[in-house]
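Trainee: There's a structure below that I have some questions on.
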Amino acid sequence: MESERYNRVLAVIQGKVPDRVPWALWGHFPACEWLKGYSWEKSVRDGEESAKAHMALLRELDYNMDMLKVTPYYRFMAIQWGSKFEFINNEEDAPTKEVAVKKTDDWEKLWVLSPRKELREFVRSCEILSHDLRRVPFIYTIPSPIIQAMNGISTPDQVLKDMKENPDALKHGLETITQTAIDFSKACVDAGAAGIFFGIGGGGRIWRELNEKQLEEYDVYYDKKVLDAVKCPIKLMHICSTSLGNPQEIFDKGWFKKYSVNALNWDSHSWTPIKKGKQIYGDNYCICGGLDHARLLRRGTPEQIDQAVKQTIEECKEGGGFMIGPGCTVFQDMPISNFNAVGKAVWKYGEYKK
Ligand SMILES: [Zn+2]
(Lines give C-alpha, C1' and ligand atoms only; values in the text may rest on other atoms or scores of the structure.)
Protein backbone atom coordinates (compact mmCIF):
# COMPACT_ATOMS: atom_id res chain seq x y z
CA MET A 1 0.00 0.00 0.00
CA GLU A 2 1.28 3.44 -0.93
CA SER A 3 -0.36 6.20 1.03
CA GLU A 4 0.53 9.08 3.28
CA ARG A 5 -1.28 7.52 6.21
CA TYR A 6 0.30 4.12 5.74
CA ASN A 7 3.77 5.67 5.51
CA ARG A 8 3.13 7.67 8.68
CA VAL A 9 2.05 4.60 10.62
CA LEU A 10 4.85 2.48 9.22
CA ALA A 11 7.41 5.10 10.24
CA VAL A 12 6.40 4.97 13.90
CA ILE A 13 6.05 1.17 13.81
CA GLN A 14 9.68 1.08 12.72
CA GLY A 15 10.64 3.45 15.52
CA LYS A 16 11.22 6.40 13.21
CA VAL A 17 10.10 10.01 13.18
CA PRO A 18 7.07 10.61 10.90
CA ASP A 19 5.83 13.96 9.51
CA ARG A 20 3.13 14.01 12.19
CA VAL A 21 2.13 11.81 15.11
CA PRO A 22 -0.39 9.29 13.73
CA TRP A 23 -3.61 8.53 15.56
CA ALA A 24 -6.33 5.92 15.70
CA LEU A 25 -9.26 5.17 17.96
CA TRP A 26 -11.03 1.84 18.04
CA GLY A 27 -14.26 0.50 19.39
CA HIS A 28 -17.25 -1.67 18.56
CA PHE A 29 -18.22 0.54 15.65
CA PRO A 30 -21.33 -1.39 14.51
CA ALA A 31 -22.63 -0.63 18.04
CA CYS A 32 -21.56 3.04 18.02
CA GLU A 33 -24.53 5.11 19.21
CA TRP A 34 -24.22 8.06 16.85
CA LEU A 35 -23.53 5.86 13.87
CA LYS A 36 -27.09 4.78 13.28
CA GLY A 37 -28.23 1.93 11.10
CA TYR A 38 -25.71 -0.78 11.90
CA SER A 39 -26.21 -3.92 13.90
CA TRP A 40 -23.66 -5.30 16.33
CA GLU A 41 -25.36 -8.68 16.31
CA LYS A 42 -25.50 -8.80 12.52
CA SER A 43 -21.81 -7.93 12.30
CA VAL A 44 -20.87 -11.28 13.88
CA ARG A 45 -22.50 -13.19 11.05
CA ASP A 46 -22.12 -10.76 8.15
CA GLY A 47 -18.69 -9.46 7.18
CA GLU A 48 -20.16 -6.70 5.07
CA GLU A 49 -22.06 -5.24 8.03
CA SER A 50 -18.84 -4.98 10.01
CA ALA A 51 -16.85 -3.50 7.10
CA LYS A 52 -19.58 -0.97 6.28
CA ALA A 53 -19.87 0.24 9.89
CA HIS A 54 -16.10 0.73 10.16
CA MET A 55 -15.98 2.67 6.89
CA ALA A 56 -19.01 4.76 7.83
CA LEU A 57 -17.33 5.82 11.05
CA LEU A 58 -14.20 6.92 9.22
CA ARG A 59 -16.33 8.85 6.75
CA GLU A 60 -18.24 10.73 9.46
CA LEU A 61 -15.14 12.17 11.12
CA ASP A 62 -13.82 15.63 10.37
CA TYR A 63 -10.22 14.41 10.59
CA ASN A 64 -8.71 11.37 8.90
CA MET A 65 -7.61 8.61 11.20
CA ASP A 66 -4.25 7.22 10.15
CA MET A 67 -5.10 3.59 10.83
CA LEU A 68 -8.22 1.53 11.29
CA LYS A 69 -8.36 -1.24 13.83
CA VAL A 70 -11.17 -3.61 13.01
CA THR A 71 -12.86 -4.76 16.18
CA PRO A 72 -15.21 -7.71 15.94
CA TYR A 73 -17.10 -9.04 18.94
CA TYR A 74 -14.06 -10.55 20.62
CA ARG A 75 -15.73 -13.92 21.19
CA PHE A 76 -16.24 -14.44 17.46
CA MET A 77 -14.31 -17.70 17.45
CA ALA A 78 -16.10 -19.04 20.55
CA ILE A 79 -19.44 -18.59 18.77
CA GLN A 80 -18.34 -20.97 16.02
CA TRP A 81 -17.54 -23.63 18.62
CA GLY A 82 -21.01 -23.36 20.10
CA SER A 83 -20.79 -20.73 22.83
CA LYS A 84 -23.85 -18.49 23.02
CA PHE A 85 -24.05 -14.80 23.86
CA GLU A 86 -26.99 -12.49 24.23
CA PHE A 87 -27.14 -9.44 21.98
CA ILE A 88 -29.70 -6.96 23.32
CA ASN A 89 -30.62 -3.54 21.89
CA ASN A 90 -27.28 -3.19 20.11
CA GLU A 91 -25.46 -2.98 23.46
CA GLU A 92 -21.77 -3.72 23.03
CA ASP A 93 -21.64 -6.04 26.04
CA ALA A 94 -23.28 -9.24 24.98
CA PRO A 95 -23.34 -11.39 28.11
CA THR A 96 -22.58 -15.11 28.04
CA LYS A 97 -25.52 -17.49 27.96
CA GLU A 98 -23.64 -20.72 27.44
CA VAL A 99 -20.00 -21.71 26.88
CA ALA A 100 -18.75 -24.44 24.54
CA VAL A 101 -16.35 -25.92 27.08
CA LYS A 102 -18.36 -26.69 30.22
CA LYS A 103 -16.14 -29.48 31.54
CA THR A 104 -12.62 -30.81 31.06
CA ASP A 105 -13.53 -33.36 28.38
CA ASP A 106 -14.98 -30.62 26.19
CA TRP A 107 -11.54 -29.25 25.25
CA GLU A 108 -11.26 -32.34 23.04
CA LYS A 109 -14.34 -31.35 21.12
CA LEU A 110 -12.89 -28.13 19.69
CA TRP A 111 -11.65 -28.33 16.11
CA VAL A 112 -9.50 -25.98 14.03
CA LEU A 113 -11.84 -23.41 12.47
CA SER A 114 -11.33 -22.66 8.80
CA PRO A 115 -11.00 -19.12 7.44
CA ARG A 116 -12.83 -20.39 4.36
CA LYS A 117 -15.71 -21.89 6.27
CA GLU A 118 -16.63 -20.97 9.85
CA LEU A 119 -14.61 -17.72 9.82
CA ARG A 120 -15.34 -16.80 6.22
CA GLU A 121 -17.42 -13.70 7.03
CA PHE A 122 -14.62 -12.16 9.10
CA VAL A 123 -12.15 -12.64 6.27
CA ARG A 124 -14.74 -11.22 3.87
CA SER A 125 -14.85 -8.12 6.03
CA CYS A 126 -11.08 -7.71 5.41
CA GLU A 127 -11.57 -8.23 1.67
CA ILE A 128 -14.21 -5.51 1.51
CA LEU A 129 -12.13 -3.07 3.56
CA SER A 130 -9.06 -3.76 1.49
CA HIS A 131 -10.97 -3.11 -1.70
CA ASP A 132 -12.86 -0.02 -0.55
CA LEU A 133 -10.47 1.74 1.83
CA ARG A 134 -7.29 1.62 -0.24
CA ARG A 135 -5.46 4.47 1.51
CA VAL A 136 -6.05 3.55 5.13
CA PRO A 137 -4.06 0.69 6.61
CA PHE A 138 -6.24 -1.57 8.72
CA ILE A 139 -5.39 -4.24 11.25
CA TYR A 140 -7.61 -7.05 12.54
CA THR A 141 -8.13 -8.04 16.16
CA ILE A 142 -6.84 -11.42 17.32
CA PRO A 143 -7.43 -12.29 20.98
CA SER A 144 -4.77 -14.37 22.71
CA PRO A 145 -5.64 -18.11 22.90
CA ILE A 146 -5.67 -18.29 26.72
CA ILE A 147 -7.94 -15.24 26.90
CA GLN A 148 -10.34 -16.76 24.41
CA ALA A 149 -10.31 -19.95 26.46
CA MET A 150 -11.12 -18.11 29.69
CA ASN A 151 -13.64 -15.63 28.38
CA GLY A 152 -16.07 -17.17 25.97
CA ILE A 153 -14.94 -20.64 24.93
CA SER A 154 -14.98 -21.57 28.59
CA THR A 155 -14.90 -19.68 31.88
CA PRO A 156 -12.04 -18.38 34.05
CA ASP A 157 -12.99 -20.86 36.78
CA GLN A 158 -12.91 -23.88 34.46
CA VAL A 159 -9.58 -22.83 32.92
CA LEU A 160 -7.95 -22.19 36.29
CA LYS A 161 -9.25 -25.51 37.59
CA ASP A 162 -7.93 -27.40 34.54
CA MET A 163 -4.59 -25.65 34.88
CA LYS A 164 -4.23 -27.32 38.26
CA GLU A 165 -5.95 -30.63 37.70
CA ASN A 166 -5.95 -31.39 33.96
CA PRO A 167 -3.20 -29.36 32.29
CA ASP A 168 -2.91 -31.71 29.31
CA ALA A 169 -6.58 -31.40 28.42
CA LEU A 170 -6.40 -27.62 28.65
CA LYS A 171 -3.23 -27.55 26.54
CA HIS A 172 -4.92 -29.67 23.91
CA GLY A 173 -7.66 -27.05 23.71
CA LEU A 174 -5.15 -24.20 23.60
CA GLU A 175 -3.35 -25.85 20.66
CA THR A 176 -6.61 -25.96 18.70
CA ILE A 177 -7.39 -22.32 19.47
CA THR A 178 -3.83 -21.33 18.58
CA GLN A 179 -3.91 -23.07 15.21
CA THR A 180 -7.25 -21.40 14.50
CA ALA A 181 -5.79 -18.00 15.38
CA ILE A 182 -2.77 -18.64 13.13
CA ASP A 183 -4.83 -19.71 10.12
CA PHE A 184 -7.26 -16.84 10.60
CA SER A 185 -4.56 -14.17 11.06
CA LYS A 186 -2.81 -15.32 7.89
CA ALA A 187 -6.09 -15.20 5.99
CA CYS A 188 -6.73 -11.61 7.17
CA VAL A 189 -3.28 -10.55 6.01
CA ASP A 190 -3.78 -12.34 2.67
CA ALA A 191 -7.08 -10.48 2.33
CA GLY A 192 -5.32 -7.13 2.68
CA ALA A 193 -4.94 -6.38 6.40
CA ALA A 194 -1.71 -4.50 7.14
CA GLY A 195 -1.38 -6.40 10.35
CA ILE A 196 -2.93 -7.67 13.53
CA PHE A 197 -3.98 -6.19 16.83
CA PHE A 198 -3.06 -8.93 19.26
CA GLY A 199 -4.98 -8.65 22.53
CA ILE A 200 -3.63 -10.28 25.67
CA GLY A 201 -4.84 -10.15 29.25
CA GLY A 202 -8.52 -9.40 28.57
CA GLY A 203 -10.70 -9.81 31.64
CA GLY A 204 -7.72 -8.97 33.87
CA ARG A 205 -7.81 -12.07 36.07
CA ILE A 206 -4.83 -13.64 34.36
CA TRP A 207 -2.57 -10.93 35.80
CA ARG A 208 -3.79 -11.56 39.30
CA GLU A 209 -4.04 -15.34 39.32
CA LEU A 210 -1.11 -16.57 37.21
CA ASN A 211 2.50 -16.38 38.33
CA GLU A 212 5.29 -15.74 35.82
CA LYS A 213 5.91 -19.44 35.24
CA GLN A 214 2.24 -20.06 34.51
CA LEU A 215 2.11 -17.03 32.24
CA GLU A 216 5.03 -18.48 30.26
CA GLU A 217 3.43 -21.89 30.06
CA TYR A 218 -0.18 -20.99 29.27
CA ASP A 219 -0.02 -17.53 27.73
CA VAL A 220 3.33 -16.57 26.17
CA TYR A 221 3.98 -20.04 24.72
CA TYR A 222 0.80 -19.94 22.59
CA ASP A 223 0.91 -16.19 21.87
CA LYS A 224 4.40 -16.64 20.47
CA LYS A 225 3.23 -19.39 18.13
CA VAL A 226 0.65 -17.05 16.63
CA LEU A 227 2.96 -14.04 16.44
CA ASP A 228 5.84 -16.00 14.90
CA ALA A 229 3.62 -17.64 12.28
CA VAL A 230 2.04 -14.45 10.96
CA LYS A 231 4.14 -12.23 8.72
CA CYS A 232 2.81 -8.69 8.40
CA PRO A 233 4.10 -5.10 8.76
CA ILE A 234 2.07 -4.16 11.84
CA LYS A 235 1.88 -6.25 14.99
CA LEU A 236 0.33 -4.11 17.68
CA MET A 237 -0.09 -5.80 21.04
CA HIS A 238 -2.70 -4.60 23.50
CA ILE A 239 -2.03 -5.52 27.11
CA CYS A 240 -5.53 -5.45 28.49
CA SER A 241 -6.36 -4.88 32.13
CA THR A 242 -9.47 -4.44 34.23
CA SER A 243 -10.24 -3.73 37.86
CA LEU A 244 -9.60 -7.47 38.36
CA GLY A 245 -5.93 -7.16 37.53
CA ASN A 246 -3.08 -5.49 35.64
CA PRO A 247 0.53 -6.54 35.00
CA GLN A 248 2.22 -3.38 36.25
CA GLU A 249 4.84 -5.20 38.29
CA ILE A 250 6.19 -7.33 35.44
CA PHE A 251 5.59 -4.60 32.87
CA ASP A 252 7.79 -2.17 34.74
CA LYS A 253 10.69 -4.58 34.77
CA GLY A 254 10.55 -5.03 30.98
CA TRP A 255 8.98 -8.51 31.01
CA PHE A 256 7.02 -7.89 27.80
CA LYS A 257 10.15 -7.45 25.70
CA LYS A 258 9.90 -11.18 25.01
CA TYR A 259 7.00 -10.57 22.64
CA SER A 260 7.76 -10.48 18.91
CA VAL A 261 5.50 -7.54 18.10
CA ASN A 262 6.40 -4.03 16.99
CA ALA A 263 3.99 -1.86 18.98
CA LEU A 264 2.56 -1.84 22.50
CA ASN A 265 -0.70 -0.41 23.82
CA TRP A 266 -2.12 -0.46 27.36
CA ASP A 267 -4.38 1.52 29.65
CA SER A 268 -1.74 3.96 30.80
CA HIS A 269 -4.22 5.80 33.01
CA SER A 270 -4.95 2.95 35.35
CA TRP A 271 -1.37 1.67 35.75
CA THR A 272 2.07 2.47 34.24
CA PRO A 273 1.89 5.98 32.70
CA ILE A 274 2.65 6.31 28.99
CA LYS A 275 5.79 8.37 29.52
CA LYS A 276 7.29 5.76 31.80
CA GLY A 277 6.21 3.01 29.40
CA LYS A 278 8.05 4.74 26.58
CA GLN A 279 11.17 4.97 28.72
CA ILE A 280 11.06 1.23 29.41
CA TYR A 281 9.93 -0.08 26.02
CA GLY A 282 10.52 2.77 23.55
CA ASP A 283 13.77 1.32 22.22
CA ASN A 284 12.08 -1.99 21.44
CA TYR A 285 8.59 -1.04 20.36
CA CYS A 286 6.46 1.72 18.99
CA ILE A 287 4.32 3.03 21.84
CA CYS A 288 0.64 3.53 21.12
CA GLY A 289 -1.97 5.05 23.42
CA GLY A 290 -2.12 7.80 26.01
CA LEU A 291 -5.83 8.60 26.04
CA ASP A 292 -8.08 7.47 28.87
CA HIS A 293 -10.96 5.67 27.11
CA ALA A 294 -13.10 5.29 30.21
CA ARG A 295 -13.30 8.81 31.59
CA LEU A 296 -11.76 11.33 29.20
CA LEU A 297 -12.88 10.02 25.82
CA ARG A 298 -16.27 8.91 27.04
CA ARG A 299 -17.26 11.77 29.32
CA GLY A 300 -14.66 14.51 28.87
CA THR A 301 -15.16 17.77 26.98
CA PRO A 302 -13.41 18.56 23.68
CA GLU A 303 -11.30 21.11 25.60
CA GLN A 304 -10.13 18.48 28.07
CA ILE A 305 -9.31 16.16 25.19
CA ASP A 306 -7.34 18.91 23.46
CA GLN A 307 -5.21 19.34 26.57
CA ALA A 308 -4.75 15.61 27.12
CA VAL A 309 -3.60 15.07 23.53
CA LYS A 310 -1.24 18.02 23.84
CA GLN A 311 0.26 16.68 27.03
CA THR A 312 0.61 13.12 25.72
CA ILE A 313 2.32 14.34 22.57
CA GLU A 314 4.69 16.51 24.58
CA GLU A 315 5.58 13.53 26.76
CA CYS A 316 6.07 10.95 24.01
CA LYS A 317 6.76 12.70 20.73
CA GLU A 318 10.51 12.97 20.99
CA GLY A 319 12.38 10.55 18.76
CA GLY A 320 9.23 9.26 17.03
CA GLY A 321 8.00 5.69 17.53
CA PHE A 322 4.78 6.98 19.01
CA MET A 323 1.14 6.91 18.05
CA ILE A 324 -1.92 8.41 19.77
CA GLY A 325 -4.55 5.85 20.73
CA PRO A 326 -7.00 4.86 23.47
CA GLY A 327 -6.05 2.75 26.51
CA CYS A 328 -8.63 0.17 25.46
CA THR A 329 -11.69 -0.12 23.22
CA VAL A 330 -13.66 3.13 23.39
CA PHE A 331 -17.23 2.95 24.68
CA GLN A 332 -20.12 2.82 22.23
CA ASP A 333 -21.50 6.08 23.64
CA MET A 334 -18.30 8.10 23.11
CA PRO A 335 -19.59 11.24 21.32
CA ILE A 336 -18.52 12.10 17.80
CA SER A 337 -17.37 15.52 19.05
CA ASN A 338 -14.75 13.71 21.13
CA PHE A 339 -13.50 11.68 18.17
CA ASN A 340 -13.10 14.94 16.27
CA ALA A 341 -11.44 16.63 19.24
CA VAL A 342 -8.69 14.00 19.18
CA GLY A 343 -8.16 14.45 15.44
CA LYS A 344 -8.12 18.22 15.70
CA ALA A 345 -5.61 18.21 18.55
CA VAL A 346 -3.32 15.78 16.74
CA TRP A 347 -3.32 18.18 13.78
CA LYS A 348 -2.55 21.06 16.10
CA TYR A 349 0.21 19.55 18.22
CA GLY A 350 1.44 16.47 16.38
CA GLU A 351 3.64 17.86 13.63
CA TYR A 352 7.37 17.29 13.65
CA LYS A 353 9.42 20.28 12.62
CA LYS A 354 11.62 19.63 9.63
ZN1 LIG B 1 -8.22 -3.65 26.91
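Trainee: Over the stretch 4-349, with a single point scatterer placed on each C-alpha, what log10 of the ratio I(q)/I(0) does the Debye formula yield at q = 0.15 1/Å?
Mentor: Relative scattering, expressed as log10 I(q)/I(0), comes to -1.34.
Trainee: Relative contact order, percent, of the stretch 4-349 when contacts are C-alpha pairs under 8 Å separated by at least 6 residues?
Mentor: Working: 673 pairs, mean separation 76.8, N = 346.
Relative contact order of the stretch 4-349: 22 percent.
Trainee: With angles folded into 0 to 90 degrees, how steeply does helix 120-133 sit against the dominant principal axis of the chain? Use alpha carbons for both and round to 10.
Mentor: Approximately 10 degrees, to the nearest ten.
Trainee: In addition: Which entries of Lys84/Lys213; Lys276/Lys348; Lys224/Lys353; Lys225/Lys344 show an alpha-carbon separation above 28 angstrom in the structure shown? Spell out each step's value before the answer.
Mentor: Working: Lys84/Lys213 32 Å; Lys276/Lys348 24 Å; Lys224/Lys353 38 Å; Lys225/Lys344 39 Å.
With Cα atoms farther than 28 Å apart: Lys84/Lys213; Lys224/Lys353; Lys225/Lys344.
Trainee: Pop a pseudo-label 7 angstrom from the Cα along the beta-carbon direction at both Asp333 and Tyr221 and give the gap in nm to one decimal.
Mentor: Calculated label separation equals 4.3 nm.
Trainee: Quick one: with all protein chains in place, what share of the accessible area of the chain is carbon or sulfur, to the nearest percent (1.4 Å probe)?
Mentor: Here carbon and sulfur together make up 47 percent of the probe-accessible area.
Trainee: How large is ³J(HN,Hα), in whole Hz, for each residue of the stretch 253-264 in order, when computed from phi with the Karplus curve 6.51 cos²θ - 1.76 cosθ + 1.60 and θ = phi - 60°, using x for Gly and Pro?
Mentor: Coupling constants for the stretch 253-264: 9, x, 4, 7, 5, 6, 7, 8, 10, 10, 8, 10 Hz.
Trainee: Sticking with this one: Rolling a 1.4 angstrom probe over the protein chains, ignoring ligands and nucleic acids, what is the accessible area of Thr96 in square angstrom, nearest 10?
Mentor: Result for Thr96: roughly 70 Å² accessible.
Trainee: Further question: Kindly provide the helix-only [θ] at 222 nm of the chain, computed as the sum of -39,500 (n - 2.57) over DSSP H runs of four or more divided by all residues, to the nearest 500 deg cm²/dmol?
Mentor: Only helices count here, giving -12000 deg cm²/dmol.
Trainee: To continue, here is another question. Which angle from 0 to 90°, rounded to the nearest 10, does the C-alpha axis of helix 4-13 make with the longest principal axis of the chain?
Mentor: Here the helix axis deviates by roughly 60 degrees.
Trainee: Something else about it: Quick query: amide H of Leu35 versus all other amide H atoms, modeled in the peptide plane; which residues come in under 5 Å with a sequence gap of 5 or more or a different chain?
Mentor: Residues meeting the criterion, in which the H sits 1.01 Å from N, do not exist here.
Trainee: May I pose another question? Any idea what angle helix 167-190 forms with the longest principal axis of the chain, computed on alpha-carbon atoms, 0 to 90 degrees, nearest 10?
Mentor: Once rounded, the angle reads 40 degrees.
Trainee: Quick one: if you stick a label point 7 Å off each Cα along the C-beta vector at Asn7 and Ala294, how many nm between them?
Mentor: A separation of 4.0 nm, rounded to one decimal place.
Trainee: Explain nothing, just compute: Karplus ³J(HN,Hα) = 6.51 cos²θ - 1.76 cosθ + 1.60, θ = phi - 60°, for every residue of the stretch 69-77 in order, whole Hz, x for Gly and Pro.
Mentor: 9, 8, 10, x, 4, 6, 9, 4, 7
Trainee: Can you pull out the trypsin sites (Lys or Arg not before Pro) in the stretch 247-290 that DSSP calls coil and that have at most 10 other Cβ atoms within 10 Å?
Mentor: Lys253
Trainee: Output the Cα-based Rg and Dmax of the stretch 88-233 in Å, rounding Rg to one decimal and Dmax to a whole number.
Mentor: Cα radius of gyration and Dmax of the stretch 88-233 are 16.0, 50 Å respectively.
Trainee: If you don't mind, another one. Using R₀ = 56 Å, calculate the FRET efficiency as 1/(1 + (r/R₀)^6) where r is the Cβ-Cβ separation of Glu351 and Leu244; round to 0.05.
Mentor: E(calc), rounded to 0.05, equals 0.90.
Trainee: Suppose accessible area is computed on protein heavy atoms with a 1.4 Å probe; arrange Phe184, Phe87 from highest to lowest.
Mentor: Output order, biggest surface exposure first: Phe87, Phe184.
Trainee: Per residue, how large is the accessible surface of the chain? Use a 1.4 angstrom probe and give square angstrom.
Mentor: 41 Å²
Trainee: Can I ask one more? Report the calculated FRET efficiency for Lys231 and Gln14 (r = Cβ-Cβ distance, R0 = 22 Å), to the nearest 0.05. Don't skip to the answer; put the middle values down first.
Mentor: Details: r = 15 Å, r/R0 = 0.70.
E between Lys231 and Gln14, to the nearest 0.05, is 0.90.
Trainee: Just for the chain, what percent of DSSP beta bridges are antiparallel, to the closest 5?
Mentor: 10 percent
Trainee: Given labels modelled 7 Å from the Cα in the Cβ direction, how far is it in nm from Lys275 to Ala56?
Mentor: It works out to 4.1 nm between the two label points.
The values are calculated or read from the model by the stated rules, or taken from the named source; none is laboratory data. Source: prediction; values computed, not measured. For neighbour counting, all protein chains shown are included, and Cβ atoms are generated from backbone atoms with ideal geometry for every residue, glycine included. Only protein heavy atoms, including side chains, enter the accessible area calculation; ligands, DNA and RNA are left aside. Shrake-Rupley method; radii C 1.70, N 1.55, O 1.52, S 1.80 Å.
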